[in-house]
Every structure is written in C-alpha cells, then in structure tokens.
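Participant: Pasting a structure here, questions to come.
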Amino acid sequence: MTKTIAKDTGTPPQGAKFETQIGEGGELHQITSGDSDVLTTQQGIPVFDDQNSLKVGDRGPTLLEDFHFREKIFHFDHERIPERVVHARGYGAHGTFTLTESLEEFTSAGILTEVGEQTPMFLRFSTVAGNKGSADLARDVRGFAVKFYTKEGNWDVVGNNIPVFFIQDAIKFPDLIHAAKQEPDRGFPQAQTAHDNFWDFISLTPESMHMVMWIMSDRTIPRGFRFVEGFGVHTFRLVNAEGKGTYVKFHFKPKLGLQSVAWNEAVKINGADPDFHRRDLWDSIDQGNFPEWDMGVQLFDDEFADNFEFDVLDATKVIPEEQIPVRIIGSFKLDRLVDNFFAETEQVAFCTQNIVPGIGFTNDPLLQGRNFSYLDTQLKRLGSPNFTHIPINAPNIPVNNYQQDGHMEMHARKGRANYEPNSWAGTPRESPSKGYKHFPSQETGRKAQVRSATFADHYSQARQFFISQTAIEQKHIGDALTFELSKVERVDIRELMVGHLLNIDETLAKTVATGLGLKSMPPKVKAAVETRTDLPASDALSILKNTSGSFEGRKLGILVTDGAPAAIVQALVDGIVAAKATYEIIAPKVAGATLDDGTLAEGKQKIDGAPSVLYDAVAIVVSADGAKKLGKDKTAKDFVSDAFGHAKFIGFNADAKPFLEKAGIEDEDMDDGVIALGGKGDVDAFLKTLGKLRIWERELNVDLDAP
Ligand code: HDE
C-alpha cells in the first residue's frame, strides 16, 4: 500500500514574484518578475513598469505619451471577434489520421490511398445554438468538424454527430437558426430549443421530423466529445484516376463507444461544470489517454442510388448500415492539445468547399448552399480574405498563386509576376495532371425553384429511427419531446407536433399527448407520402446497442471520510487504474481523508464542489462516524440520491449503509446496481459490472413518467 492514495495532478503553475522597488523620486513601483524573458511591447521594446501608467506626480493625470499603456489598452479594446453565427461554442484538438485500407479503386486522393500515411488533422467539436459562453450539456447537435492537412491541400469534413439534418435546402437555414436561437424580442432562451419559436418552425417543416427524432434522443446529451460519432452527412463523391465516380458517405466511430447522460443529469452538469465536455477532452489528452475514432465509408454507385428507397441527395435521410455497411479504412487519434484556444480553436476556419483531388461534391442542395456560406462567414468572422494565412488554417504544403494584398497579408511573395499567364521563369502554372478536376456530371433541366418529388417522404425514416431504439431509449425520446413541448406556450403548436408524431409512431404520439395533458388526440398531419412501416430496425441507430461494454476512459467518484477502510479504497484505485479508467477522491475537506490505517487519501474535490453527475459511477467508502455526519448534509445526500436516480452503479461499504438510507435508498430500493463492497472480491466484481455503464432498468422505478 502506498503512503498516500493520490493522483498526479501535474506540476503546479509557476508563480510570478512580486517585488516593490523604490524609484528615484522615492515613489513605489510594484514589479512582477517571472521566469520568462523580459516583457516587451508589440514593437519589442522592453517594458520598465507594467503596473503603473505614466503620470505627472504621484497623484496626477496619466500622460498620453505612455505608449506602452496606450498600446496595451488599444489591443485589449480590440480583442473580440464576432462569434460564429452557429456552432459558437466549440472545443478543438490536434490529431493524426492513419490510413489502413487503400481506396485506390475509388479515389486518387493520397490521404485515402496511401496506406500507413499519417495525416495531421484538427478536430473542433461544438454545440450549435448556444452562444460562446453557453453550457456544454445543452440538448443540442454536436458539430464534428475535421480539417485534414493533406499533401494535396486541406480537406475539411464539416460534419455533425447526427447523420441527417433538419432541412433539405440551404435557403431554409437562416429560418431554422433564427427559430432555434434566442427569440429576438426577449433575447432568451439561451442554448435550448425548448421554446415556441423553435417548435413553431419545426411543426411547420415536416422535412425536419427525422432529425427531430435524433435530437430528442440522447445523442444530443453526450457524456463527452470522446463518445460521439461523426458523420459527413451529405453524399459526396470519390473520383479515381480514370475519372470514375463513386458515391460516398463519411463516418467516424469512437473507439470508446457511444455514451450519453440522463436529462436530469445534463441539467445538473450544466450548473456543476458548464465546461464538462471541454474539461473532459482536455484532461484526457493531457493525461495521455488519447481518444480515437475509426474512419469509415459507405460506398455506392448509381445503380444503388437509383434503387434506394430515398434520394441519396436528400440530407434528411440515412443509408442504413445494414444496406451499405460502413467500411473502416483508417483511424485517427487526438493526441495534442492546443497551445492557445483563440489562435487555434477560435480562428480555425472550416469550409465545406475545402476539398482535394479525388473527392468531389454532389448536387445535394444543402451541400451546394454550404459551399457558398462557409467562405463568406470566415470573412465576416476573421476580417480578411487572408484568414488562410493564420497558422491553424494554412496548409502545411507550399501555397502558390497570384492572389495578393488585402488586410493582414502575411506572405511576401517574391518576384515580378502577379498575373497568369506570364512569361517569367519559375512562376507557378496550372497543372492538368495534378490539378483539381471537377467531376464532369451531366446536368440538364429547366430553371425553377422546386423541391424534387423524390424528397417528399418525411416520416418513414423517422419511424425507422424510433423502432431501432431500445425501450429505454424510446422512453427518453418521449420524455424529451414532452419536456420540450411543455416549455412551448402555445397549445396549438404542441398539438401540431403531436399530429406529426402520429405519422411516426402512435404509441409515441400518445405518450407525448398524455405527458402534455392534451384534452384529446389532435388529428394526424396529412403526409405528402404515407409512412412506410416495412423499413426494418437498424441497430446502428441506437446508442445503447453501440456501447463499448467497458469502463475504460470513464471516471469513478470515490467518496471517503476520515476512518474509511483503506483496503477498499486502495482496491478501487488499483482496479480503476488497471481498467484504464480514472477516479477522483471526494471528501468533506478537499485535502482528503485519513483512512483507518493512517494513510491519507488525497482529495481532488470537496463534496460541495463535486456532485455525482460528474462521474460515471460512484463508490461510498466511509467510517461509521463519517456516514453519520454525511447523512446530515444535503449535498452529500444529493451525491448518492442523484447517482441512484441517474441509474448509476453505486458501490458502498457496510458502514455507508445508514448514509444511503438517509439519502433515500432503503432496503427495498436496493437493486443489482447498488453493490456492497466487503472486500477485494466484491470490489473486483463491482469494477467488472461498471462496464455496463448504467443500470437503466432502475429508471422505471424512479420516474413518475415511467410506463
Ligand atoms: Fe454549418 N455553418 N451550415 N452545418 N456547420 C457553420 O460556418 C451552414 C450544416 C457545421 O467548428 C458556419 O465557420 C449552412 C450541416 C459545423 O468551426 C456557417 C447550412 C452540417 C460547423 C454555416 C449548414 C453543418 C458549422 C458558422 C445549411 C453538418 C462549425 C461558422 C445549408 C453536416 C464548424 C462557420 C467549426 C458552421 C452554414 C448546415 C455543420 C454559417 C448555410 C448540414 C460542424 O457558415
């Protein structure tokens, strides 16, 4: 047994030293001295005093002559740039993609053909609706935007954690986003769709119904970025060396499996740690637990596209993996934190039209619109067409062209030629062999503002999604719809939504109608195309059918008090480390607790600052006296009762039992998820069970809305 049960939390930050110097006139100067070089202005001029501006006399006015003061305030005044109009809150990290299977038969893109090739990349996760400072656990889609720095230029896959979208035509995007964000008169609600405007728009937009099923599922309250899938959403095209095209959809699957939290938990995480997701990613990478994703493709040809039940250009549809399996072609690992959040995560500029030779677009009208929008938005946000010179956006291969000047030009291109063709030697020229060739698809047709009839079925895949879920996931969808619509003030909007649900699943519609207390069942909304009931369930669409079955990468919260049995605490710690998971010791005092053998279990958290929503499972290991004291404390009782209510596994030693009872877990509430920890054998069994992650059956006993 080690002397101290503690986790290495890294080296403490280097502190600056404060010194006071007396100037020539007897005045006081407060000087800080750190370990780095001399502080300078932007011009490199060494700074004498950064604590006091230049004044006339000790108590006199500040002088305009103080160029350092002037520059410092000027720069500060101009620090902000516009936040992204959507996906404002995000978090990014660097990684490396490695190809394991060549797609040479389908594409000429080096990144997809050179097996073993390691391509640097940057991934930014985000929520969509909330502002930059909103909380991480908003019920929302997560952005999954990847920039690959390939040898043939930058390739951006600007995807989401959901494979479909709300709308079919980009012209509706401003309306969708206006409706989802804060209402314009009152400026709230922040980062949530539970309000009239959003559901008003949705209820009048039947094409959004498939997406509605996804956003009302637990996909929108993920446990962390490390546990979400990524999807390119649109159908793209691969083009091989002979110019032959193959349709493709891009997928990214987390090696840690999918995982989400409970809604009541999400609400509490937002209060306890609004940075829960970004902290989780930062901590994992910082500790060397690099999250990994497999990259896969669904490949298909014109024949499949022509025979598929839906239009492959319609971004409100998936192609079920049972119909076209996802072929894994490589994987990536996020292994490097940013040095600076603003310089990298904020300034990274994704553009759907950043594409490399061998990969192409299709006529998906959403994708076509996006290809216009992203370039435009970067100019607004970053302020200059030279945003491509910012290191995070620059390709790491040479850039040769005759585009010039503009705000913040960073390249001093040499030579006389700034036009093309020219007859000067050594100037760049277009390359018919290497250059990007657009796929020569045949396009004909009348000019018209239309929506293809092949886009008209809005309910069949919504139904397919719903029936593919486990019972508890279906319950969560019903709960989420009821919650969101209960925040909608207009009853007619609630009713219209239930009218749509009748086209998806009658039981779901009834659950929501009952949950809302509607007086009678509203009429079914008339569908342009009747819902197909013959589409089979697809396991890939469920979260719970795609978990890892392991506690790896998860976090156990161990609540201890003075006098707690050291043997159990140590067995938990050893087991968790062996399972490649992490743990935190929580105690009444942040310093930790002195265990029954005199060792110190070093605390990471004080109980008041660490509700159980921050952990995947909890263990309560306390002394009899500790249990008595905790039983009087509201926060400590919440720790246990929340863990129980959120269907988490709870381990406890014998002395903890009275505390559990005080927290509302009586003998009759005990289930397979509340596990006594008498000795090492029990601890091993407990740790093994944790791989199930949650005991969802319990929810049916602790929820008023349970069937
Ligand atoms: Fe975006 N989207 N989007 N979007 N989107 C932006 O670009 C837009 C759509 C997505 O981490 C903006 O740089 C239009 C689908 C992500 O920096 C903007 C349409 C998907 C991110 C924009 C869509 C996405 C954005 C705002 C309808 C999933 C964050 C800031 C046609 C496949 C990227 C910016 C990051 C960001 C426009 C629909 C994903 C305004 C017009 C579908 C992950 O250009």
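Participant: How many residues does the stretch 299-318 contain that are more than 23 Å from the chain's Cα centre (by Cα) and within 16 Å of the ligand (Cβ to nearest atom)?
Facilitator: Qualifying residue count, the stretch 299-318: 4.
Participant: Would you point out the residue of the stretch 356-398, among those that are more than 14 Å from the ligand (Cβ to nearest atom) and touching a Phe, Trp or Tyr at 6+ places or on another chain (Cβ under 7 Å), that is modelled with the lowest pLDDT?
Facilitator: Residue satisfying both the conditions and the ranking: ASN396.
Participant: So which residues in the stretch 112-144 are within 14 Å of the ligand (Cβ to nearest atom) and not in a loop (DSSP other than H, G, I, E, B)?
Facilitator: MET121, PHE122, LEU123, ARG124, PHE125, SER126, THR127, ARG142, GLY143, PHE144
Participant: Now for a separate question. Which members of the stretch 373-420 meet the condition of being touching a residue at least 60 places away in the same chain (Cβ under 8 Å), surrounded by fewer than 16 Cβ atoms within 10 Å (Cβ to Cβ) and in a helix (DSSP H, G or I)?
Facilitator: Listed by number, the list holds a single entry, LYS380.
Participant: Additional query: I'd like the full set of residues that are assigned to a strand (DSSP E or B) and of a type outside the set (Lys, Arg), limited to the stretch 530-564.
Facilitator: Once the filter is applied, which keeps residues that are assigned to a strand (DSSP E or B) and of a type outside the set (Lys, Arg), the stretch 530-564 yields THR547, LEU556, GLY557, ILE558, LEU559, VAL560.
Participant: Here's something else I'd like to know. Looking at (1) closer than 26 Å to TRP696 by Cβ; (2) not in a strand (DSSP E or B), find the lone condition where TRP293 falls short.
Facilitator: Going through the list (1) closer than 26 Å to TRP696 by Cβ; (2) not in a strand (DSSP E or B), TRP293 breaks only (2).
Every residue, every condition in (1) buried (at least 22 other Cβ atoms within 10 Å of the Cβ); (2) among the polar types (S, T, N, Q); (3) in a helix (DSSP H, G or I), yes or no:
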position	(1), (2), (3)
ALA241	no, no, no
THR246	no, yes, no
LYS253	no, no, no
ASN270	no, yes, yes
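Participant: Further question on the same structure: So ARG327 passes all but one of these: (1) more than 29 Å from ARG278 (Cα to Cα); (2) within 15 Å of the ligand (Cβ to nearest atom). Which condition number does it fail?
Facilitator: With (1) more than 29 Å from ARG278 (Cα to Cα); (2) within 15 Å of the ligand (Cβ to nearest atom) applied to ARG327, the lone miss is (2).
Participant: Filter the stretch 149-170 for residues that are within 9 Å of the ligand (Cβ to nearest atom), aromatic (Phe, Trp, Tyr) and over 17 Å from the mean Cα position of the chain (by Cα) and give the result.
Facilitator: Answer for the stretch 149-170, where residues must be within 9 Å of the ligand (Cβ to nearest atom), aromatic (Phe, Trp, Tyr) and over 17 Å from the mean Cα position of the chain (by Cα): just PHE166.
Participant: Using the structure shown, decide if PRO174 is near the ligand (Cβ under 9 Å from one of its atoms) and either touching a strand residue (DSSP E or B) at 6+ places or on another chain (Cβ under 6 Å) or small (Gly, Ala, Ser) (or both).
Facilitator: Spelling it out, it is not the case that PRO174 is near the ligand (Cβ under 9 Å from one of its atoms) and either touching a strand residue (DSSP E or B) at 6+ places or on another chain (Cβ under 6 Å) or small (Gly, Ala, Ser) (or both).
Participant: Can you find, within the stretch 59-95, the residue that is farthest from VAL47 (Cα to Cα) among those that are surrounded by 17 or more Cβ atoms within 10 Å (Cβ to Cβ) and away from the ligand (no atom under 16 Å from the Cβ)?
Facilitator: Step by step, filter the stretch 59-95, then rank; the result is PHE69.
Participant: Of ALA509, ALA513, which residue is crowded, with 17+ Cβ neighbours inside 10 Å, farther than 13 Å from PHE466 by Cα and without any contact (Cβ under 8 Å) to a residue 24 or more places away in the chain?
Facilitator: Selected residue: ALA513, the only one of ALA509, ALA513 that is crowded, with 17+ Cβ neighbours inside 10 Å, farther than 13 Å from PHE466 by Cα and without any contact (Cβ under 8 Å) to a residue 24 or more places away in the chain.
Participant: Okay, next question. Looking only at the stretch 51-82, count every residue that is free of Cβ contacts under 8 Å to residues at least 24 places away in the same chain, among the acidic types (Asp, Glu) and farther than 29 Å from PHE342 by Cβ and tell me the total.
Facilitator: Going through the stretch 51-82 one residue at a time, the tally reaches 1.
Participant: Here are some residues: THR96, THR127, THR113, THR41. Which one is in contact (Cβ under 8 Å) with a residue 24 or more places away in the chain and in contact with a strand residue (DSSP E or B) (Cβ under 6 Å, 6 or more places away or on another chain)?
Facilitator: THR96
The values are calculated or read from the model by the stated rules, or taken from the named source; none is laboratory data. Note that this is a predicted model, so its numbers are computed, not measured. Cβ sites come from the backbone with ideal geometry, for glycine too, and all protein chains shown count toward neighbours.
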